[in-house]
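*Asks:* Quick one: this structure, given as structure tokens, is what I'll be asking you about.
The values are calculated or read from the model by the stated rules, or taken from the named source; none is laboratory data. For clarity, every value in this text was computed on a predicted model and none was experimentally measured. Neighbour counts are summed over all protein chains in view; Cβ atoms, including those assigned to glycine, are modelled from backbone coordinates with ideal geometry. We work out accessible area using only protein heavy atoms, side chains counted, and drop any ligands, DNA or RNA first. Shrake-Rupley method; radii C 1.70, N 1.55, O 1.52, S 1.80 Å.
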Amino acid sequence: MTTDRDSPMDGPVTTAVFAAKGVDLTPNKDQGVIKVVQCPGFDVDRPMIGDRVTVHYTGKLLTGKKFDCSRERKEPFCFNVGKGQVLKSWDIGVLSMQRGEVCTLLCKPEYAYGSAGNPDKIPPNSSVVFEMELLGFEGESLTDDGGIVRRIKIKGDGYSQPNDGASVDVYLEGRCDGRLFDSRNVSFIVGEAEDKGIPLGVDRAMDKMQKGECCLLYLKPKYGFGSNGKPEYKIGPDRDIVYEVTLKDFRRAKESWEMDLNEKVDLAPGVKSKGNQYFKTGQYQQAVIQYQRIISWLEMECGTGIEQHKRIQEYVVTAHLNLALCFLRLKEFSHVVDNCNKVLELDENNEKAFFRRGEARLHRNEFSIAKDDFQKVLQVNPANQAARTQIIICQNKIKEHHEQDKKIYANMFQKFAEQDAKTVKTKRRRDDIVRTTMNGEVGIKRRRRSQDTLS
């Protein structure tokens with residue numbers, strides 16, 4: 001829908017008309033962005049800061065000259081609202097709109113293109129008018145798989161955010177199907193929220209939040225309470241949940257570059273132990289966080305002597321091996337291979353690395369190279385019966401695969417043979433028809449010749 005018309009507008013008159021009909025959206029009420037609703041929306045919900053919004057727009061100067069229009073390109077425009085990705089007037093205006101709403105925004109230069117304008121399109125210090133239609137919006141996805149979606153109700157202050165290991169103070173409310181199941185003030189360490197009964201999704205969102213921010217987190221089961229649910233909250237398995245979280249305060253942990261080597265080496269055993277605890281209780285994602293912390297601290301360190309170097313390498317190798325085991329449980333097999341490769345760069349005969357890489361490759365149906373890995377295990381340790389068993393499994397899988405290929409190719413060749421036979425048969429039939437036709441024509445010619453001869 002559009003109410004676009006190319007008509008000249010006078011600056012003071014336009015401002016007066018907008019002020020009379022519209023609403024000043026600016027926080028300090030300086031008439032920098034005045035909105036007039038042309039067509040109301042059909043949804044009471046409005047975008048929140050960070051939401052991914054989709055709009056159609058037409059931009060005009062006060063002379064009525066059009067300088068931009070998404071409809072003419074036949075392509076809506078998408079952006080994360082309230083994040084400074086677009087004009088200030090757009091952030092302010094779109095946050096006030098409902099889904100389906102069409103409105104006109106009168107924008108002063110300081111909320112639009114400023115004193116510079118836009119070369120060849122917008123003169124310096126120009127007020128502009130935008131007609132906007134809000135087609136839709138959705139929360140900001142914090143993960144590649146869409147498992148954590150954030151919608152910001154109140155924007156936080158500053159630019160600093162918690163990091164892994166930071167201490168955070170939050171107020172949270174958890175809901176499932178609208179039912180409140182958790183409401184409390186709580187403090188925890190980022191990366192260890194599970195210790196306080198807080199799901200992984202809340203923990204993983206912390207490093208995206210600012211002090212004072214209040215947001216809604218929509219969590220899929222993987223980032224909520226998983227396939228086990230949470231009986232104490234009367235939440236069944238594989239349920240989506242929503243947390244409203246307010247970050248009241250936080251104290252950042254030291255970054256790797258802020259710690260000296262001895263501090264990192266001294267902290268590593270405790271972090272490893274924490275990861276092992278999570279692993280034993282099936283909290284593999286939480287365990288991954290701990291093991292990755294060790295690697296971020298020590299992977300690039302060499303130590304000051306042979307003993308310290310050896311100790312550092314042992315921590316790094318163990319962390320990669322444990323990560324490989326976690327990713328096996330999580331069925332993220334490419335990460336298993338990557339971590340095992342890292343181990344083998346440091347220890348070319350590591351039995352566990354060959355075995356776990358072989359398991360990952362077997363799960364990926366890479367039977368031949370999986371068998372090679374298990375054979376390398378036996379070269380390192382001929383007594384490893386598990387590797388022998390896996391080799392037999394690989395051999396059987398390879399045999400099954402070959403049998404399937406035989407059937408596929410046999411059927412394929414059979415079809416080709418049938419097609420060839422059909423082609424030959426068709427060609428023969430065509431040749432017979434041609435010969436019959438030619439014989440008939442020869443007979444007719446002979447009869448004609450016999451009739452043309454003198455008697």
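*Asks:* How big is the Kirkwood radius of the stretch 256-396, worked out from every pair of different alpha carbons and given in Å to one decimal?
*Replies:* Hydrodynamic radius (Kirkwood, Cα pairs) of the stretch 256-396 is 15.7 Å.
*Asks:* Could you state the per residue volume, in Å³, of the convex hull enclosing the Cα atoms of the chain?
*Replies:* 357 Å³
*Asks:* Right, here's the next one. Picking from Asn396, Val44, Phe354, whose Cα lies most toward the positive end of the charge dipole for the chain (charges on Cβ: Lys, Arg +1; Asp, Glu -1)?
*Replies:* The residue sitting farthest along the positive end of the dipole is Asn396.
*Asks:* Could you pull the accessible area for Ile198 with a 1.4 Å probe, rounded to 10 Å²?
*Replies:* 0 Å²
*Asks:* Right, another one. Can you compute 3J(HN,Hα) from phi for each residue in the stretch 342-349, using the Karplus curve 6.51 cos²θ - 1.76 cosθ + 1.60 with θ = phi - 60°, rounded to whole Hz and x for Gly and Pro?
*Replies:* Per-residue couplings from phi come out as 4, 5, 5, 5, 8, 9, 5, 10 Hz.
*Asks:* Then there is this: Given a 1.4 angstrom probe, I'd like the percentage of the accessible area of the chain that is carbon and sulfur, rounded to a whole number.
*Replies:* 51 percent
*Asks:* Let me ask something additional. Express in % the proportion of alpha carbon pairs of the stretch 315-369 at distances exceeding 19 Å.
*Replies:* The share of Cα pairs beyond 19 Å in the stretch 315-369 comes to 17 percent.
*Asks:* Taking only the alpha-carbon atoms of the stretch 132-179, what semi-axes of the equivalent ellipsoid follow from 5 times the gyration tensor eigenvalues under a square root, in whole Å, largest first?
*Replies:* Value: 24, 18, 14 Å, ordered largest first.
*Asks:* Right, another one. Could you derive backbone 3J(HN,Hα) for the stretch 53-68 from the dihedral phi with the Karplus parameters 6.51, -1.76 and 1.60 (θ = phi - 60°), listing whole Hz in sequence and x where the residue is Gly or Pro?
*Replies:* 3J(HN,Hα) across the stretch 53-68, in whole Hz: 10, 10, 9, 10, 8, 9, x, 9, 7, 5, 6, x, 6, 7, 10, 6.
*Asks:* Taking the Cα centre of each part, how many Å lie between the stretch 375-398 and the stretch 323-341?
*Replies:* 19 Å
*Asks:* Here is the link list: Lys399/Lys425; Lys274/Lys310; Lys35/Lys153; Lys108/Lys153; Lys88/Lys254; Lys74/Lys108. Which ones come out longer than 30 Å on Cα distance?
*Replies:* With Cα atoms farther than 30 Å apart: Lys399/Lys425; Lys88/Lys254.
*Asks:* How large is the accessible surface of Lys211 in square angstrom, using a 1.4 angstrom probe and rounding to the nearest 10?
*Replies:* Its heavy atoms expose roughly 90 Å² to the probe.
*Asks:* Rg/Rh for the stretch 165-211: what does it come to with C-alpha atoms and Rh from Kirkwood?
*Replies:* A ratio of 0.96.
*Asks:* Could you work out [θ]222 nm for the chain from helices alone, using -39500 (n - 2.57) per DSSP H run of at least four and dividing by all its residues? Round to the nearest 500 deg cm²/dmol.
*Replies:* The helix contribution divided over the chain gives -14500 deg cm²/dmol.
*Asks:* If you don't mind, there's one more thing I want to ask. For Gln38, which sequence-distant residues (separation of 5 or more, or a different chain) have an amide H within less than 5 Å of its own amide H, given hydrogens modelled in the peptide plane?
*Replies:* So Gln38 has HN proximity to Val102, Cys103, Thr104.
*Asks:* Also, quick follow-up: Can you work out the Karplus-derived ³J(HN,Hα) for every residue in the stretch 265-273? Use 6.51 cos²θ - 1.76 cosθ + 1.60 with θ = phi - 60°, whole Hz, and x for glycine or proline.
*Replies:* 5, 5, 7, 4, x, x, 5, 4, 4
*Asks:* Also, quick follow-up: Rg (Å, one decimal) plus Dmax (Å, integer) for the alpha carbons of the stretch 12-138?
*Replies:* Just the Cα atoms of the stretch 12-138 yield Rg and Dmax of 13.7, 40 Å.
*Asks:* Over the chain, give the accessible area per residue in Å² for a 1.4 Å probe, as an integer.
*Replies:* 56 Å²
*Asks:* What are the residues whose amide H is under 5 Å from the amide H of Gln31, where those residues sit 5 or more places off or on another chain and H is modelled from the backbone?
*Replies:* Thr26
*Asks:* While we're looking at this one, here's another question. Express the Stokes-Einstein translational diffusion coefficient of the stretch 148-284 in µm² s⁻¹, to the nearest whole number, given a Kirkwood radius over alpha-carbon pairs, 25 °C and a viscosity of 0.890 mPa s.
*Replies:* Estimated via Stokes-Einstein, D reaches 155 µm²/s.
*Asks:* Work through the residues other than Asp203 whose Cβ is under 9 Å from its Cβ and net out their charges, Lys, Arg +1 and Asp, Glu -1.
*Replies:* With Lys, Arg at +1 and Asp, Glu at -1, the net is -1.
*Asks:* May I ask you to list the lysines whose Cα is less than 17 Å away from that of Lys397, ignoring any residue fewer than eight positions away on the same chain?
*Replies:* Lys371, Lys406, Lys407
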